[in-house]
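The structure appears right after this line, and notes come after that.
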Amino acid sequence: MSKTICITNQKGGVGKTTTTYALGLGFRTKGFKVLIIDLDPQGNLSFSVGAETDESLTIYEVLKGDCSAEEAIQHTPIIDIIPSNIILSGVDLEFTHTGREFLLKEALLNVQNKYDYIIIDTPPSLNILTINAFTVSDKIIIPMIADIFSLQGITQLYETIDKVRRYCNPSIIIEGILLTRYNKRAILSNEIKGTAEMIARELNTMVFDTHIRSSISIQEAQTKQENLYYYAPRNSAVTDYMKFVEELLAIGI
Ligand SMILES: Nc1ncnc2c1ncn2[C@@H]1O[C@H](COP(=O)(O)OP(=O)(O)OP(=O)(O)O)[C@@H](O)[C@H]1O
Ligand SMILES: [Mg+2]
């Protein structure tokens, strides 16, 4: 049975796209069949894996019902992806009909049996795209930078997830908070860790044992559209992401 994981935080630049990409490649390295979905009009995930987004079918056409999810999947050399592009930014105004929260869930029904993991990257906002991601997902992972501003907005995120749980997806679970761009030596990082643990308790979840350290190789690999694990296998952030994959598998995600 395929598992669908949503990587989310409405705060920008906290490592959602990087985590989706690293987890997708990490699970794939472990031999699982993985599909990643770019649900962000910025298209950063699509870029990172070298997907074509100008002429191809994207998640927009899938949500609109113009094509099937299967038709929009691109089999790039590093991973299977349903890409996105900027046209997706209009959906909040365009999709106003009843049931619009379930568009992604319905679209993925036919591809779920082909993959072990489907991982969804969400935009830095709490809009209909994010709600579609929550509605189809089994688990949520919240990446959070170890700085004081990333703690803001967590309450709204929780309220949105809670609404989705009540109306659209009663079985959704917040698996945990992942600290990203972590600097062990910074006093602030340790303070944030304490605060993140407090927030996690309020959200009925936990902070993952693994923290992702800061490293420039992450950005380099994404810019060069390469597989992170081949690009810099001994890099600190890369080994952290690999450890994170092990942690998730150990808790049975
Ligand atoms: N562990 C890390 N070390 C160094 N740089 C990182 C790390 N993780 C992510 N980055 C870089 O930080 C930037 C933001 O990361 P990313 O795009 O993953 O965040 P995001 O939450 O998806 O942002 P957005 O909200 O805009 O979609 C990127 O340039 C990425 O390469
Ligand atoms: Mg992103």
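The values are calculated or read from the model by the stated rules, or taken from the named source; none is laboratory data. Since we're looking at a predicted model, the values are computed, not measured. Quick reminder, even Gly has a Cβ in these numbers, built from the backbone with ideal geometry, and neighbours come from all protein chains shown. Accessible surface areas use protein heavy atoms only, side chains included; no ligands, DNA or RNA. Shrake-Rupley method; radii C 1.70, N 1.55, O 1.52, S 1.80 Å.
Give the residue that is surrounded by the most Cβ atoms within 10 Å (Cβ to Cβ), with candidates limited to residues of region 110-126 that are of a type in the set (S, T, N, Q) and away from ligand 1 (no atom under 16 Å from the Cβ).
Among those residues, the one meeting the criterion is 112.
In region 39-67, what residues are closer than 18 Å to residue 107 by Cβ and either in a helix (DSSP H, G or I) or open to solvent by less than 10 Å² (accessible area, probe 1.4 Å) (or both)?
Scanning region 39-67 gives 39, 40, 45, 46, 58, 59, 60, 61, 62, 63, 64.
Scan region 82-97 and tell me whether some residue there is within 16 Å of ligand 1 (Cβ to nearest atom), over 26 Å from residue 197 (Cα atoms), among the hydrophobic types (A, V, I, L, M, F, W, C) and open to solvent by 10 Å² or more (accessible area, probe 1.4 Å).
So far as region 82-97 goes, yes, one or more of its residues are within 16 Å of ligand 1 (Cβ to nearest atom), over 26 Å from residue 197 (Cα atoms), among the hydrophobic types (A, V, I, L, M, F, W, C) and open to solvent by 10 Å² or more (accessible area, probe 1.4 Å).
If you check every pair at least six apart or on different chains, which have Cβ atoms under 6 Å apart with a residue in region 135-148 that is touching a residue at least 12 places away in the same chain (Cβ under 8 Å) first and a residue that is crowded, with 18+ Cβ neighbours inside 10 Å and of a type in the set (Phe, Trp, Tyr) second?
146/182
One residue is enough: does region 148-159 have a residue meeting the conditions at pLDDT 85 or above, open to solvent by 20 Å² or more (accessible area, probe 1.4 Å) and aliphatic (A, V, I, L, M)?
The answer is no, given that none of the residues of region 148-159 is at pLDDT 85 or above, open to solvent by 20 Å² or more (accessible area, probe 1.4 Å) and aliphatic (A, V, I, L, M).
Would you confirm whether any residue within region 225-235 is within 16 Å of ligand 2 (Cβ to nearest atom), open to solvent by 20 Å² or more (accessible area, probe 1.4 Å) and not small (Gly, Ala, Ser)?
The answer is yes, given that some residue of region 225-235 is within 16 Å of ligand 2 (Cβ to nearest atom), open to solvent by 20 Å² or more (accessible area, probe 1.4 Å) and not small (Gly, Ala, Ser).
Residue pairs, Cβ under 7 Å, 6 or more apart or interchain, first in region 104-118 and closer than 18 Å to residue 27 by Cα, second part of a loop (DSSP other than H, G, I, E, B) and hydroxyl-bearing (Ser, Thr, Tyr). List them.
Note: pairs meeting the criteria are 112/2; 113/2; 115/2; 116/2; 117/2; 118/2.
Of the conditions (1) assigned to a loop (DSSP other than H, G, I, E, B); (2) open to solvent by 60 Å² or more (accessible area, probe 1.4 Å); (3) not small (Gly, Ala, Ser), residue 70 fails just one. Which one is it?
(1)
Among the residues of region 1-42 satisfying the criterion of being among the β-branched types (Val, Ile, Thr) and within 13 Å of ligand 1 (Cβ to nearest atom), which is nearest to residue 78 (Cα to Cα)?
So, considering only residues that are among the β-branched types (Val, Ile, Thr) and within 13 Å of ligand 1 (Cβ to nearest atom), the one nearest to residue 78 (Cα to Cα) is 36.
State whether one or more residues within region 167-184 are aromatic (Phe, Trp, Tyr), within 16 Å of ligand 1 (Cβ to nearest atom) and either at pLDDT 95 or above or surrounded by 15 or more Cβ atoms within 10 Å (Cβ to Cβ) (or both).
yes
Is at least one residue of region 21-38 farther than 30 Å from residue 215 by Cα and either within 16 Å of ligand 2 (Cβ to nearest atom) or open to solvent by 10 Å² or more (accessible area, probe 1.4 Å) (or both)?
For region 21-38, residues farther than 30 Å from residue 215 by Cα and either within 16 Å of ligand 2 (Cβ to nearest atom) or open to solvent by 10 Å² or more (accessible area, probe 1.4 Å) (or both): absent.
Mind counting the residues in region 164-212 that are of a type outside the set (Phe, Trp, Tyr) and part of a loop (DSSP other than H, G, I, E, B)?
Of the residues in that region, 18 qualify.
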